[in-house]
Amino acid sequence: MEARGPDSCGGGDAARGAEGRPAPEARVHFRVTRFIMEAGVKLGMQSIPIATACTIYHKFFCEIELDAYDPYLVAMSSLYLAGKVEEQHLRTRDIINVSNRYFHPGSEPLELDSRFWALRDSIVQCELLMLRVLRFQVSFQHPHKVPAGESATISTGMNLSVFDPESAPTEPSRTCGYLLHYLISLKNWLNRYSWQRTPVSVTAWALLRDSYHGGLCLRFRAQHIAVAVIHLALQAYGVEVPAEAEAEKPWWQVFSDDLTQPIIDNIVSDLIQIYTMDTEIP
């Protein structure tokens, strides 16, 4: 088992290879986190446990060389561990069967034979290894997660209870964190027509979901990521915040005093890198 240095987390320059193209490791992590997300949805996991599973996976490979362990085994153990951390417990049998059908579409559930039990033991042993490598620090603050001790029910135009925005109802109520708090404030600033005619909230959620394909969750604060995805969504649809030119400071600094334009630019750059990989990886 080889440890990695503190600057080895994916993202930024570390995720880029020659000529600015995604590095091979970043491509592997993209594929595996896509597996985590799709398997998580099929397992009925909510958005926060899936985000935690992706973060655990990325954090583990910030500490360990990629070729030291099978990344898909680490991914399955990340799902299993995230279910415990976020109190949405999963059965190893379900994780194994969903994973098996992911790699072998149309296949039947595995028999409870020696192969099954060997894989189950591998997932459990890998979970214990991950806990030791991560020094049992497997609880994270996500941009769409309510900080500990805080709770508020708000009505929004999007639903973050699932990790797939296409299946989200348009008018639910949901208790959430930074992202929805910022979107509610922004909705009150914009005129009603601008908000209704552009899917800013759904786009911001989609950007946030996709950000977990890379290491943004470890490199940037949750508040900063939440603001950055809203900033990019507004730019994508050409929506301007009213009275921005006359304001004493940018709208995004109202949400986070220590946020700067270079930080937003770095987050957006990493997101663009993720979408670049999405177009290049089958």
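The values are calculated or read from the model by the stated rules, or taken from the named source; none is laboratory data. For clarity, every value in this text was computed on a predicted model and none was experimentally measured. Don't worry about glycine lacking a Cβ; one is built from the backbone with ideal geometry, like all the others, and counts go over all protein chains shown. Heavy atoms of the whole protein, side chains included, go into the accessibility calculation; ligands, DNA and RNA do not. Shrake-Rupley method; radii C 1.70, N 1.55, O 1.52, S 1.80 Å.
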Spin-label point model (7 Å from Cα, Cβ direction): what's the K187 to L131 distance in nm?
-> 4.0 nm
Can you send over the solvent-accessible area of K59, 1.4 Å probe, protein chains only, in Å² to the nearest 10?
-> 40 Å²
Around S256, with a cut-off of 14 angstrom between Cβ atoms, what is the net charge of the other residues, counting Lys and Arg +1 and Asp and Glu -1?
-> 0
Accessible area of C62 in the full protein assembly, 1.4 Å probe (Å², nearest 10) = 10 Å²
Kindly sort E108, E244 by accessible area of their heavy atoms, largest first, with the probe set to 1.4 Å.
-> E108, E244
What nm value, rounded to one decimal, do you get for the distance between Y275 and E111 when each label is placed 7 Å out toward the C-beta?
-> 4.9 nm
So between K84 and A243, what do we pick up on full extension, going 0.36 nm a residue minus the alpha carbon distance?
-> 52.6 nm
Per residue, what accessible area does segment 20-66 have, given a 1.4 Å probe and all protein chains present, in Å²?
-> 28 Å²
Taking a straight Cα-to-Cα line shorter than 29 Å from K187, and setting aside same-chain lysines fewer than 8 residues away, one finds K145, K249
Probe 1.4 Å - accessible area at R219, Å² to nearest ten | 100 Å²
Can you list which of the GluC sites (Glu not before Pro) found in segment 30-89 are DSSP loop residues with at most 13 other C-beta atoms within 10 Å?
-> E65, E87
Which percent of the accessible heavy-atom area of segment 181-280 goes to carbon and sulfur, probe 1.4 angstrom?
-> 50 percent
Could you order E280, E240 so the one with the most accessible surface comes first? Probe is 1.4 Å.
-> E240, E280
Loop sites in segment 71-122: trypsin sites (Lys or Arg not before Pro), DSSP, at most 16 other Cβ within 10 Å = R91
Interchain or long-range residues, amide H under 5 Å from I64's placed H = R4
